[in-house]
Structures are given as structure tokens and as C-alpha cells.
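Let me begin by presenting the structure, written as C-alpha cells, before commenting on it.
The values are calculated or read from the model by the stated rules, or taken from the named source; none is laboratory data. What you see is a predicted model; the values in this text were computed from it and never measured. Cβ placement follows ideal geometry from the backbone for every residue including glycine, while neighbour counts extend to all protein chains displayed.
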Amino acid sequence: MTYLVESTKTMNSGPRRSRLGTVLSLLWADKFATFAALFLLLLMIACLVGPLLVGDAAGGINFAGRNAPPQLEKGFLYILGGDNLGRSLLARIVVGAQTTMGVAVAAVVTSVVTGALLGLVAGYRGGLVSDVIMRLTDMIMSFPSLLTALVVLYVLGPSVANLVIVLAITRIPVYLRTTRAEVMEARSRVFVTAAIAMGASPARVLFRHIVPIVLPTLLTIAAVDFAAVIITESGLSFLGLGIQAPDFTWGSMVATGRNYIASAWWLSFWPGLAITLTALSLNILASWLRIVTDPQQRWRLEGGRKDD
Amino acid sequence: MRFFKRSLFTLLSMAGLLLLVFFLSRMTGDPSYLFLPLDASPADREAFSRLHGFDDPIYLQFGRYVVDLLHLDFGRSLSQQRSAMDIALEAFPHTLKLASTALAIAFAGAILCGSLAARKPGGVVDRLISVFSLTGASTPDFWVAIILVLIFAVSLGWLPTSGVGGPAYWVLPLFVLALRPFGLLGQVVRGSMIGALSSPYVKTAYAKGASQTKIVFVHALRNSMLPVITVAGDLAANLLNGAVIVETVFGWPGIGRLMIDAIMQRDFAVIQASILVTACAILILNILLDIAYVVLDPRVRHA
């Protein structure tokens, strides 16, 4: 196994570097996408090492810094001000990033995997199984996701795990429908018919021949969806059925700050801005990805040469 | 046939939804703890349960619920002591007015901005509009609502913070509710308009000397509306998500806030009635969108 990994590495090292170079130059060509990528990189670093660096400043109570306005005198930690218990807002945003991202990643991964598997089955098998799966999907989609989430969370009780499950359930239909549509299209292609004729098992046909075709589409949707999940999660936390104290996400920080909005606007403003910037970066990168993977539009990023 | 099949499936989905809601809402706990004083005796609680039929086995409760539904009796609200359907139908027009105006604004704005952006992909106008619509699609609505209240209601005092009334009360809720649909629709219009503008029939129109405004808004727009209408259907269901938030922040007496309050108060009948009303509204909307599809696309009409 190690040998195998090693050998593919050496085999690909030449072309891969130049491919990375191409990707980077395509990224550089779109300045918005460059900024978005840099912001997300910064965010990833904050999620990984943030709690180690400023974890102490995000907990505890410090009445001296209660609702402290944004300032420079108290050191860089209070550059965005302090919250209702005097904790540094900057530190709390950095630490909160981990929970916010963690919930979103878990929800998106769960919904992509579940949706893709069900979509593969529905698209490949067809018939009654497909009908039942599709009607269930219609049922989920025909009702506002936030209300479904609210009812389920109210019954199950708000916890991180339940939040992930609820968010995943509301997003599954998108992946399921896309996968099913693409599988049905791919199933009729010659190479799939050939594989079936040569005696490949359904599992082999699906995972070896069909999944590689569906995967890029799913990943592009996931990037946009990731932004939507962050916003939905923060909305649920805002309504009081999301993350509960002492855990906190950016959404619950906005909700807490709402009570102090007239006297201390910074409590709500910065975490909300963090949500906006993250979602915006993801959306910008997703639209960049669409251009890069579309041969008809790619020239726009390749030195502006246009041949009509 | 397609229409008939679709309506049948939607009715089935609605039945499934009501089934789910019935059992889920009864799992949220005993309503007697919310409606009777804390020091009520166990006998009082029992009497309360018996009065409202909560002490029967759940299958009996469900059977009674279905029979009542067939008689168009949707139960009584525990907290307001009147028909749950009346309460839901009273709240619904408030949401309908708000949501349809917001959707119309988002639609008009998205078509205008998306078409302008698509005229020169990659140009200055396109970049500006793209960034603006992407930002619209990326902002959490409750945050925008709070910040706008802070600026325009608390600091400047130009607009009321919440409530229902004259035009001034409509400005902030409408803006917040229209923002995300505008952003999402704007992207879709732009994409499909770029596709339509590079098609042969548009080149023909240019060749015969039609003006650019006419080409964009007459020739290309009609064809690029199809994906927009598909997205608009999903969007309308999601608009109710926004309505829940907007109605909560701005104290709008619509169905979203009614449902949240009912969930919190374990007012089962009101939850069920308002879900039924919402589901019916979405069903009607989907039928309207199907009709719009047929009007716009002759291929569907003749299929």
C-alpha cells in the first residue's frame, strides 16, 4: 500500500507541479478569487491553531472589559471590542470559527455522502425504489427547510449532533437529485454498457465508472452549499434552537449581541461580518471553479485571448 | 397528465407531512406543563389532558384527528381558545403580501441586473453586479436585519423598528427578504442570458439590425427565463425560511412567526393548521409555475 502511494507520487510529481502552477495562475488571474482563497486559507489556519493561540481570552469573565468598544489601547485582542462578559471579540471569533466550520463541514459531508449514495441507487436501479426515494425527496423539498429544522430540533433537543443531522437532512435532496440525473445519463453511455456486457458487478460499474463522472458536479454544488449551510446554522442559532452555551458559533454570537444592539453594535456586527465574508469567499471561489472547468469560458482567465 | 400526476404526488407529500408533524409535535412534551400553573395538582393536569383528549392512546388521537380533518375541522388553539385554522388564515395574508412583494422586487431586480451584466461578460458592469449579487446571496438575513434596524431605525430614526402599518413599515422587511433571492436569481439570469446571447438567433437579430435593448429584453430574455423559473420554484419555498427570520426580527404577524410561537407553546392544532396552509400555498405556487413553463416553452406545450 505504502509502495503504491509512493509510486503514484513519483509518477505524478512532474505533471502535478505544473498543474498546480496552472491552477495558481488561473487563480491569480481573477483577483476576487485570489482574495477569497487567501481569506479561506486564513480561516483554515484560525480553525486549526486559533484555540491554542487565543483560547484563554475567549473564555472566562472579565468585567473590566464589559462591552468594551473597539479600540487599540487595550492591546490587539480588543481591536474589535469586548462582549457582554468582557471577553475579547477577536478571540471569540477565531475560536468560534472552529465550531462554525466544524458543524458546516460535518453537515455538508454527511449530506453529500448520503445524497450521492441514495442518488446512485435511485438512478441505477430505477423502478419502485427510485420512486419511493424521489417522493421522499419531494416531501423534504416541498417544505421550508428552516421550519422542518425547527420542529425536529425542538423535538430532539438542540445539540451539535442533532444540528448536523437536521442541516444534512435539509440539504440531501440537492445531491440526490443531481446524482440521480447524472447517473441516468451516464448509464446509457457506451463505456458503461461495455462494462456491464463484460460482466462488471453493479458496485464496480457505479464506483469505478460512474462516480468519477458525477463527483466534480457534486463538489461544485458542495462549495455553494457550504455557504448556505453556514447561513442556515447561524439562523437556527439566532432563533435559539442551534448551538447552546457554553458552545458558541458566529450565529449564536450575533443572537447574543442583539440584546445590546442599541448600546454596543460591535457585539453583533463582527461575527455577522465573519459569516458574510466566509460565505462570500466560498461563493466567489465556486463561481471561479465553474469558469475554470467550463472550456467555453476558461479563456477569460488565460490571458484574455479571445477568438470568435 | 403530468399536471395530474404532480398534484397527486403533492397531495401525498402533504399527507406524509401532516403525519410526521402529528407525531413529532406530540413528542415535544406534555402541554399541561405550559398551560397550567406550576403548582397545579396531578388531578388538575389529568383533567386538562382528558379535556383535550391527550390521555387517549396516540393511535386514537390520530384517528380522531384524521376524521376531524375530513370534516374540515382543524382543531382549536390551546393558547387562544379559538379555531386553529382561523388563526392560521388570519396570519397567512400578512406573509403572502410580504413574500410576494419581495419576490416581485427580487425578480425584477435580478432580470434587470442579470441582463445588464450579461451584455459584456467580464466587463466593469458585470464585475460590479456580480460582486453585489454574490454579496446579497452570502449575507445572513437576520444580521442584515439587525444592522439595518440599528442604522435606519435606532440611529437615524427614519424608519420604525418593527410592527405593521404604512409604507415606512414595509421598507426594511422587504429589503431584507428580497436580498438573498435577488442575489441567487441574478446569478442565474446572468448565466442563462450569456448562453442565450451567444446563440445563432441572436446573431441573426443583430444582422437584421434590431437594437441591442430589443435583442436583450425581447429576444434573449424569453429563452433565458426557463432556468430562472425552475430556480424560482425552489426559491419560493425558501422564501418562507427568510419570512420566519424577518417576521421574528420585525414583529410581523405572519405565518412564520405564528409557527415559531406555536412550536414554543406546544400548540399542536396551530402547528398543524399553519403547516397545512403553507403546504397548500406551495402546491398552488408550483401549479402556477408549471403553467408559466407551458406559456414560455412551446416544447413543453406540445409534449
Of the criteria (1) in a helix (DSSP H, G or I); (2) crowded, with 22+ Cβ neighbours inside 10 Å, which one residue A:241 fails: (1)
For the range B:31-45, indicate whether the set of residues that are within 11 Å of chain A (Cβ to nearest Cβ), loosely packed, with under 12 Cβ neighbours inside 10 Å, at pLDDT 70 or above and not in a loop (DSSP other than H, G, I, E, B) is non-empty. no
Going by what's in this entry, would residue B:158 be described as in a loop (DSSP other than H, G, I, E, B), surrounded by fewer than 24 Cβ atoms within 10 Å (Cβ to Cβ) and out of contact with any Pro (no Cβ under 9 Å at 6 or more places or on another chain)? yes
For the range A:99-118, how many residues meet the condition of being away from every other protein chain (no Cβ under 14 Å) and either of a type in the set (Asp, Glu) or crowded, with 18+ Cβ neighbours inside 10 Å (or both)? 11
So, restricting to helices (runs of 4 or more DSSP H) that lie completely within the range A:119-212, which ones have at least 3 residues that are within 14 Å of chain B (Cβ to nearest Cβ) and touching a helix residue (DSSP H, G or I) at 6+ places or on another chain (Cβ under 8 Å)? A:127-141, A:145-156, A:160-187
Qualifying positions in the range A:279-295 - among the polar types (S, T, N, Q), within 12 Å of the chain's Cα centre (by Cα) and more than 8 Å from chain B (Cβ to nearest Cβ): A:281
Under 6 Å by Cβ, and 6 or more places apart or on different chains, what pairs join a residue from the range B:3-26 that is in a helix (DSSP H, G or I) with one that is acidic (Asp, Glu) and at pLDDT below 75? B:13/A:138
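Let's see how each residue does on (1) within 25 Å of residue B:137 (Cα to Cα); (2) of a type in the set (Val, Ile, Thr):
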{"residue": "A:174", "(1), (2)": "yes, yes"}
{"residue": "A:180", "(1), (2)": "no, no"}
{"residue": "A:184", "(1), (2)": "no, no"}
{"residue": "A:202", "(1), (2)": "no, no"}
{"residue": "A:209", "(1), (2)": "no, no"}
{"residue": "A:212", "(1), (2)": "no, no"}
{"residue": "A:219", "(1), (2)": "yes, no"}
{"residue": "A:227", "(1), (2)": "yes, no"}
{"residue": "A:241", "(1), (2)": "yes, no"}
Filter result for the condition that a residue is farther than 29 Å from residue A:233 by Cα, modelled with pLDDT of 75 or more and of a type in the set (A, V, I, L, M), over B:270, B:295, B:244: B:295
Here are B:83, B:79: which of them is touching a strand residue (DSSP E or B) at 6+ places or on another chain (Cβ under 7 Å) and surrounded by 13 or more Cβ atoms within 10 Å (Cβ to Cβ)? B:83
Output the number of the condition that residue A:299 fails; it satisfies all remaining conditions of (1) closer than 24 Å to residue A:105 by Cα; (2) at pLDDT below 80. (1)
Contact list, first residue from the range A:218-230 and surrounded by fewer than 21 Cβ atoms within 10 Å (Cβ to Cβ), second anywhere and basic (Lys, Arg), beta-carbon distance below 9 Å, six or more apart or interchain, is A:220/A:290
Please work out which residue is surrounded by the most Cβ atoms within 10 Å (Cβ to Cβ), limiting yourself to the range A:179-217 and to residues that are β-branched (Val, Ile, Thr) and within 30 Å of residue A:281 (Cβ to Cβ). A:179
How do the helices (runs of 4 or more DSSP H) wholly within the range B:212-303 filter down when requiring 3 or more residues that are within 11 Å of chain A (Cβ to nearest Cβ) and buried (at least 24 other Cβ atoms within 10 Å of the Cβ): which remain? B:221-250, B:255-265, B:268-296
So for the range A:126-137 (the condition being closer than 30 Å to residue A:99 by Cα and surrounded by 19 or more Cβ atoms within 10 Å (Cβ to Cβ)), does at least one residue qualify? yes
Going through the range B:157-190 in order, the residues found to be more than 24 Å from the chain's Cα centre (by Cα) and within 13 Å of chain A (Cβ to nearest Cβ) are B:157
Does residue A:51 fit the bill of being in a loop (DSSP other than H, G, I, E, B) and modelled with pLDDT of 70 or more? no
Part of a helix (DSSP H, G or I) and within 14 Å of another protein chain (Cβ to nearest Cβ): is that true of residue B:50 in this structure? no
Give the residues of the range A:256-277 that are assigned to a loop (DSSP other than H, G, I, E, B) and either out of contact with any Leu (no Cβ under 7 Å at 6 or more places or on another chain) or among the polar types (S, T, N, Q) (or both), sorted by residue number. A:259, A:262, A:263, A:264
Picking from B:149, B:131, B:144, which residue would you name as being at pLDDT 85 or above, assigned to a helix (DSSP H, G or I) and within 14 Å of another protein chain (Cβ to nearest Cβ)? B:144
The one condition in (1) within 14 Å of chain A (Cβ to nearest Cβ); (2) farther than 25 Å from residue B:197 by Cα; (3) surrounded by 14 or more Cβ atoms within 10 Å (Cβ to Cβ); (4) without any contact (Cβ under 8 Å) to a residue 12 or more places away in the chain that residue B:122 fails to fulfil: (2)
